[in-house]
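Have a look at the structure below, then the notes.
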Amino acid sequence: MSILLDRDTKVIVQGITGREGGFHTEQMQSLGTNVVGGTSPGKGGTTHLGVPVFNTVADAVQETGATATGIFVPAPFAADAIMEAAAAGITLIVCITEGIPIQDMIRVKDFLRGYPQARLIGANCPGLITPGQAKIGIIPQRITSSGHVGLVSRSGTLTYEVASALSAAGMGQSTIVGIGGDPVLGLTFRDVVELFEKDHDTTHLVLIGEIGGSDEEHAAELLAKGTRLKAVAFISGRTAPEGKRMGHAGAIISGNRGTAKSKEEAFHKAGVQVAETTDDIVGMLS
Amino acid sequence: MSILLDRDTKVIVQGITGREGGFHTEQMQSLGTNVVGGTSPGKGGTTHLGVPVFNTVADAVQETGATATGIFVPAPFAADAIMEAAAAGITLIVCITEGIPIQDMIRVKDFLRGYPQARLIGANCPGLITPGQAKIGIIPQRITSSGHVGLVSRSGTLTYEVASALSAAGMGQSTIVGIGGDPVLGLTFRDVVELFEKDHDTTHLVLIGEIGGSDEEHAAELLAKGTRLKAVAFISGRTAPEGKRMGHAGAIISGNRGTAKSKEEAFHKAGVQVAETTDDIVGMLS
Amino acid sequence: MKLLEYQAKEVLASLGIAIPPGMVARTPEEAAQAFEKLGPIAVKAQVPVGGRGKAGGIKLAKSADEARHAAEQIIGMDIKGFKVPLVYCEAALDIGREIYLGFTVDRDARANILMLSAKGGMEIEQVAEESPDSIARLYPNPWRGPLDFELTQLVYDAELADIARPLSSLIRKLYRAIPDYDALTAEINPLVVTRSGDVIAGDAKLEIDDNAMWRHKHLEERYGSVLEGDPYEVEAKKRHLTYVSLDGDIGIIGNGAGLCMGTLDLVQRAGGKPANFCDIGGGAKAEVVENALAVILMNPKVKGVLINVFGGITRGDEVARGVVTARDNLNMKLPLVVRMSGTNEEEGREILEQHGIEPGVSGWEAAKKIVELTKAGATA
Amino acid sequence: MKLLEYQAKEVLASLGIAIPPGMVARTPEEAAQAFEKLGPIAVKAQVPVGGRGKAGGIKLAKSADEARHAAEQIIGMDIKGFKVPLVYCEAALDIGREIYLGFTVDRDARANILMLSAKGGMEIEQVAEESPDSIARLYPNPWRGPLDFELTQLVYDAELADIARPLSSLIRKLYRAIPDYDALTAEINPLVVTRSGDVIAGDAKLEIDDNAMWRHKHLEERYGSVLEGDPYEVEAKKRHLTYVSLDGDIGIIGNGAGLCMGTLDLVQRAGGKPANFCDIGGGAKAEVVENALAVILMNPKVKGVLINVFGGITRGDEVARGVVTARDNLNMKLPLVVRMSGTNEEEGREILEQHGIEPGVSGWEAAKKIVELTKAGATA
C-alpha cells in the first residue's frame, strides 16, 4: 500500500546530530519509521536518539543494512552526502537540504548514472511519507492518513495543504512524495507517476506542479498513454509575473515552455482534470 | 576463422592523410581490408587513397557504417581520437600511436566504461590481422598466413618473429592481436584468450608476454580453468636487469609481481607449455 | 547574481578571453576621459537586463564631448526597473563577423548546454525559433568538461570550421566559468571576429548561482554593491530574503515558492492585487519573519498583509513569535491575516491568540479575508 | 622524469603544500651560508633514487662548519650510479608523528591509486608486506579526482581521523600533481605532523611521465639539466633515445621493448654479455639509427654490436641506410651483425649488401654470430 518506503525500510539520517536532523529524526521515529542509525563524521561510535551514529554512510550500511537515507546536512556538504550514500549502496536517497548549488547537482546527477539502483528524491524537498508506516523528511504526519491517493508535488507547503484537505475529507494517501522545486533534481513527476501506476493499492493520483521546466508536461505525456488512476493536477504560479525570480530557480519562466498554461493544456490533453485552486482538488477527486 | 576482424569489417583510418596513416592504409588495402574512409579534420569532403575523408568520426560512421577504426594520429591527439571513436559508436578501436601519456590513457579507460560495446586494442601496439582477410595496424601481412593458431602478444616485433616462424612452418594464424606494451591499455591477454576460446576455428594459442604487470598471470588463471586450445607461452625479459627502465613503462619491475619467473610459473601451473626462446615455439606447438 | 557587462568581461578576461579595451565611467567627466584614452567609444548603460540598446542605453561617441553627453543622458536613466548606476566606455571593434556563444543550464536535461551559432549579433531566441539547426549544441559532461572531439564536432556543426582552433580554445576558457564560478549562464553575444582575425567578446552575460556565492565571496565583495535596482529588493537582498515587488496593495509572506505563488493566485482570484511577496523559505526563524514583514511594509502602497505559512521545517511557534514581535516592533496598524498550519501549529496559534492576532483558516478563506479588510481599510 | 627532492618540493609548494624552509647548495660554502640563514639543518644529497640515507647522503649540521664539511663529503659522491650534483639544506622539523602519503599508477587496475598510512617514515614496501591493512587505499576517478566522502573514508580507514581536515586538504593539493603535472608517482614520506599540529612534507618524490613532457616544458627547462647520472644515458636522453647501460661487451640495438629484451635474452643464452642496449622504437628513421649506434659506441667496453630489427612501422630501407651511414660516419671497425626483417626488408637487405654488410638470419643465429665474433675479436 505504498511506493518506495514502508515500515520495514531501514533508514539512516545523514546529519543526525544536527539541529534539524535531530528534530526530524524524532518525528520520523514517532511515526514508527525504522530508523536504524545516522552519520556524523567524528561522532562514530556514539549513540543519538537511541540509534548508533557512524562516521560514514559505508560504515552505517555495513553495520545496519540500511537501504534508505534522509539527508539533513548543510548545503555546502549536501551534494557530497548524496554521492556518498549512492556509493555506499543506498537505494533511496532523500535530500531535504535546500540551497545546493545547481552545478553541484548537475555533477551529482551524472555521478548517479553510475549507480542506477539509487533513487534520489530532491534536493530541496520535504521528502516522502507512507502514512501510518514511515517517513523520510519533514512532511508533518499529523496531516496525513493511510489510504489510496498517491500524491506527488514540487512544492513543500502546497503538499501539506492538499494532504491536509484529503485527510480531512477521509481520503487517505498511499504515499506522498515531495520531489522538490529545484531545477536539477532527482525523481521527476514522470518517475513517481510510473511508480504509482505500478502500485495496485494506489487508485487515485494528485499531481501538484508549478511553473518552470517541462516535468509536468512529461508526466502528462505519460498519463496520456492511458492510466488506471483517477487523476487531478494543479499548477501553482498561474498569476506569477513573467520573468521575475520566484524564490527558487524552478520558478523562472523560460521562453514559452513551462508556463502554467502549457502545463494545464498538457494535462487537459491527457484527459487529466486540472484544479483551479488546491481547495477544489478533493471535490474533483471523489 | 577469426576474431574481432574479417574481410567484411568496415574500417576507417583516423589520421589517414598523415604519413604513417597513409602508408599503412595502403598496406591494409593491399591485403583486401574493407577500408571505407578516413578522418582528418579540415579535409572532410576530399578523397584520399580512393576513400572519402571526413572531418569527424561521427560523420564517417554516419556515411559509411564503419564499425572499426585504426588510429595513426600523433600522441598528443590520440586519447581524444579513441574517445571520439567510442562516442561515435565504433566497436573496434585499434590505436597504433605510441607515447601517449599514461594519465590520458587512464582517463580514456574510464571514459570507455560508458561505451561497453567498444573494444580498444592498444595503444602503442602493432594492431591486429586476420591473415588473408584484413588487418588494422602495421603487422606486415607477408609474414602471416591463414590458419588456426591464435596469436596474442604485448610486443610488436616479437609478434612478427613468431608469426614469421609459424608461417614458415606451415602453421597459419586465425588472428594475430598485438595488444601493446603500455602499462594502461585496452584489451588484455585474458580478454583476447577468451575470444580465441570462443572461436572454433582457432585450435592453437601462442601468447607472448613480457615482464611487468600481472596480465600474463591473469590469462594463465583463465587457462588453468581448462581450455580446448593447445597453448604455448613465451615471456621476454627474463635476463633484464631489475628496476631498469626498459623502454616502455610496461617493463618496469614492481616488487615481486610481474617477473618473468612469476609469469612462467603461472603458465606452468595452468598446464601451459612455456618456450625458452621464440625459436622453440613452433616445435612445442606441433 | 547577475553581473553587469563590464563585470562579466573582467571575469572573462581573468579566464584568458580577449575583451576590447574599456573603462567604467561613473560621471560624464570620466566618460570624456575614457574617450581621451580609448578614442571612438561605445558608451553603454550597465544594467543586468537585456534590451538596453532599444531603450537608448547605448550611444556611440566620436569626441570627448559626445562621450560626456552620452554619459549624462544614460547614467541614472531607468531601464526595465533598473536605475543605471554607471556606463562602460568601450573602444569600437573592427567587426568582421559576429558569432553567438553561450552556456546555460538546460533544466529539462539536468545538464549544462553549450550553444554555438554563426548567426550571432541578433537575438538568439529569434534564431532558435526561425532556424533551430543553425545553433549547434553540446551537453558537456560536468566532470569532464567539453572534450576536444566534442568541440571539433560542435564547431563543424556550426559551420565555423575556418576558425576552429581559436574558437575551441575560447570555448574551453569560457567553460571554466561553470566549474570555477558556478555560472548558470555564461554568454558572449556577439562574439566578434575582427577583420584581422582576432576573436573578442563583444558583449558578455554572466549569472552566478546565488546558492554558490559562499564559494565566490570575492565576486560578491567586488561587484555585490554596484547595482541599484528596486530599492525594496535591494533591502531584501541585504537581509537575505527572497522578495519580489509587484503592483498592488496587499503584502504577502509565505514559505516556499509553491505556497507563495499559490497565495498570489488565491489573492488575485479573491479580487485583490498583491503589492509584493516575500518567501521566508524553510526553517525560517522568528527573526526572519520579522525581517520579511519589515521589508513588506517598507512599500507605502501596502494596505494589508497576508501571512500564509504551512510548516514543515518551519515551526509554527517560531513564526508566531516572529509575527508578534515584528508587528509590535514595527508598530504595525494595517490589517493582518495570519494563516498558519503544520509543525507546532497549535503552539503557534496559541501565541498569536495571546497577542490578539486571530489566525486564518484555509488559504482561500484567508485570501478572501485580507482582500476584504484591505478594501475596507482603503475606503475607510 | 624523476625530480630531485628539492625540485619535487618546489612543485609541491606551488600546489599549496607546506614544505620546510630549505636552500640548495652547490658548494660547501653555500651550505655554510644556508646554516647561517636556517639554523640547524639536514644536508641532503639530491639523487633520483632511494636509500641515500644508508649511503651516507644525509648529514645533520649544527654549525656552519659542520654544514660545510657535510656538503664537502656529499657533493660529488656516487649513490647507486648517480653522482651527487648538489645538496639540499633543510631546516630541522619538530616532528610529532610521521605519515605515509603517496599516489602512483596501479597498472593492474589501470588507475591511479592513493595510499595513506599512519605508519610513515619507514619503507612503505615493508609496511605493505607486514601489515597491508594499515595502508588505506583509494582509486580516485581520473575525471572527478578524489571526492570529499572518499577522502573522509580514506582518512578514517587509515585511523587518522584526528587530523582529517588538514590531511584531506593536503591530499587534494597533492592530487593536483596528477592532472596538472602528469605525475606517475607523487609521494610524501614522511608527511610530518609537527608538535604544533602543522602538516609538512618531510620528503617528496615526484616522477613525471616522459611521454607528457611536451605539456610540461617549464619543468624540463627548469630541472632537466640538473641531474648527472650515467654519462651515456645522459647523452642518449639528449638524443631522445631509450638507452640502458649494462656490464658486458656487446652493444645491442633493437626496435620495441619486447624485441630488445628478447635480444638480451638471446645474447646471454648464446654466452655473451650485453654492454648496453638502445631501443629505437617504432617509426625509427635513418637518423635515429645513426644516433643509436653513436651512443652505443661511446662506451669503450663495447667490442661488437648486434642490430636486431623487425620492421612494422620501421622500414627496413631506412634502417639499412641509417646503419650504413652511421658505420661510415663513425668509422666503425668493430664486428657488426645486422638482423633485419619485416616491412621493406628486401630493400633494406639490398642496401646493406651493397655496402658490404651481410644481414643476419634469425635472432638466435644473429646472437650466436655476434657472440662468436666478439670473442674472436677479444682474443685476437
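We did not get these values from a lab; they are worked out from the coordinates using the rules stated. These figures come from a predicted structure and were not determined experimentally. Virtual Cβ from ideal backbone geometry, glycine too; neighbours counted across all protein chains shown.
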request  = Over region C:231-375, consider all pairs of different Cα atoms and compute the Kirkwood hydrodynamic radius from their mean reciprocal separation; express it in Å, one decimal.
outcome  = 14.4
key: Exposure proxy ranking, count of Cβ atoms within 10 Å, fewest first, for D:Thr27, A:Thr64, A:Thr159, A:Thr144   = D:Thr27, A:Thr64, A:Thr144, A:Thr159
query = Ranked highest first by the average count of other Cβ atoms within 10 Å around their residues, in what order do D:103-109, D:230-236 fall?
reply = D:103-109, D:230-236
inquiry  = Suppose you put the label 7 Å out from Cα in the Cβ direction; list, shortest first and in nm with one decimal, how far D:Glu125 is from each other copy's label.
reply    = 6.8
query = Tell me, Kirkwood radius of chain B from alpha-carbon pair distances, in Å?
reply = 18.8
query = Mind checking which lysines have their C-alpha under 28 Å from C:Lys369, skipping anything on the same chain fewer than 8 residues away?
reply = A:Lys244, A:Lys261, C:Lys273, C:Lys285, C:Lys301, C:Lys303, C:Lys333
task = Go through A:Lys135/A:Lys230; C:Lys80/C:Lys368; C:Lys80/C:Lys217 and tell me which ones have a Cα-Cα distance over 26 Å in this structure.
result = C:Lys80/C:Lys368; C:Lys80/C:Lys217
Rg and Dmax of region D:21-92, Cα atoms only, in Å = 10.7, 32
query = Quick one: in chain D, whose Cβ comes closest to the D/C rotation axis, and how close in angstrom?
reply = D:Trp143, 2
inquiry  = With the alpha-carbon atoms as the only input, what is the per residue convex hull volume for chain C in Å³?
reply    = 162
query = Tilt of helix B:102-112 relative to the longest C-alpha principal axis of chain B, in degrees (0 to 90, nearest 10)?
reply = 70
request  = Could you line up C:Met23, B:Met28 from fewest to most neighbouring Cβ atoms inside 10 Å?
outcome  = C:Met23, B:Met28
task = Pairs of Cα atoms under 8 Å, at least six residues apart: use those to get the relative contact order of region C:114-224, whole percent.
result = 19
remark   = For C:Glu365, inter-copy label-point distances (7 Å, Cα→Cβ), nm, shortest first, read 10.8
query = Just which residue of chain A brings its Cβ nearest the axis of rotation onto chain B, and by how many angstrom, rounded whole?
reply = A:Gly114, 5
query = Using all Cα-Cα distances in region A:11-122, what percent lands in each 10 angstrom bin from 0 up to the longest?
reply = 16, 51, 29, 4
query = For region D:17-151, what is the Kirkwood hydrodynamic radius in Å, using each pair of distinct C-alpha atoms?
reply = 17.0
query = Helix C:316-329 versus the longest principal axis of chain C: what angle, 0 to 90°, nearest 10, using Cα atoms?
reply = 90
request  = Determine which aspartates and glutamates satisfy two conditions relative to A:Lys269: a Cα distance under 17 Å, and not lying fewer than 8 residues away in the same chain.
outcome  = A:Asp215, A:Glu216, A:Glu217, A:Glu221
query = Roughly how tilted is helix D:164-175, in degrees to the nearest 10 and between 0 and 90, from the longest Cα axis of chain D?
reply = 20
Region B:192-211 versus region C:74-134: alpha-carbon centroid distance in Å = 59
request  = Taking the Cα centre of region A:98-141 as origin, sum charge times position over the Cβ atoms of Lys and Arg (+1) and Asp and Glu (-1), and report the length of that vector in debye to the nearest 20.
outcome  = 160
ask   = With contacts defined as alpha carbon pairs under 8 Å and 6 or more residues apart, what's the relative contact order of region A:11-122 in percent?
value = 23
task = Hey, could you get me the Stokes-Einstein D for region C:95-222, Kirkwood radius over alpha-carbon pairs, 25 °C and 0.890 mPa s, rounded to whole µm² s⁻¹?
result = 164
task = Mind jotting down the three principal axis lengths of region B:58-173 based on Cα atoms? Whole angstrom, largest first.
result = 42, 32, 23
Pairs from C:Lys2/C:Lys238; C:Lys2/C:Lys59; B:Lys10/B:Lys198; C:Lys59/C:Lys83 whose Cα-Cα separation, in the structure shown, is over 25 Å = none
query = Where the only charges are on Cβ atoms (+1 Lys, Arg; -1 Asp, Glu), what is the dipole of region A:139-285 about its Cα centre, to the nearest 20 debye?
reply = 100
remark   = Sorted by chain and then number, the residues having a modelled amide H within less than 5 Å of the amide H of D:Ala111, at least 5 places away or on another chain, are D:Asp106
task = Note the per residue figure in Å³ for the convex hull of the C-alpha positions in region C:191-276.
result = 173
ask   = For region A:139-285, what number results from the quotient of the Cα radius of gyration and 2.2 N^0.38 Å?
value = 0.96
message = Considering the Cα positions of region D:247-289, please state its Rg to one decimal place and its Dmax as a whole number of Å.
response = 10.8, 31
Antiparallel bridges, percent of DSSP beta bridges restricted to chain B (to nearest 5) = 20
Those aspartates and glutamates that a straight Cα-Cα span of less than 17 Å connects to D:Lys173, excepting residues fewer than 8 apart in one chain = C:Asp180, D:Glu10, D:Asp148, D:Glu150, D:Asp182, D:Glu187, D:Asp198, D:Asp203, D:Glu207
ask   = What translational diffusion coefficient, in µm²/s and rounded to a whole number, does the Stokes-Einstein relation yield for the protein assembly as shown at 37 °C and a viscosity of 0.692 mPa s, taking the hydrodynamic radius as the Kirkwood radius over Cα pairs?
value = 92
message = If each label sits 7 angstrom from Cα along the C-beta direction, how far apart, in nm, is C:Glu346 from its counterparts in the other copies?
response = 10.3
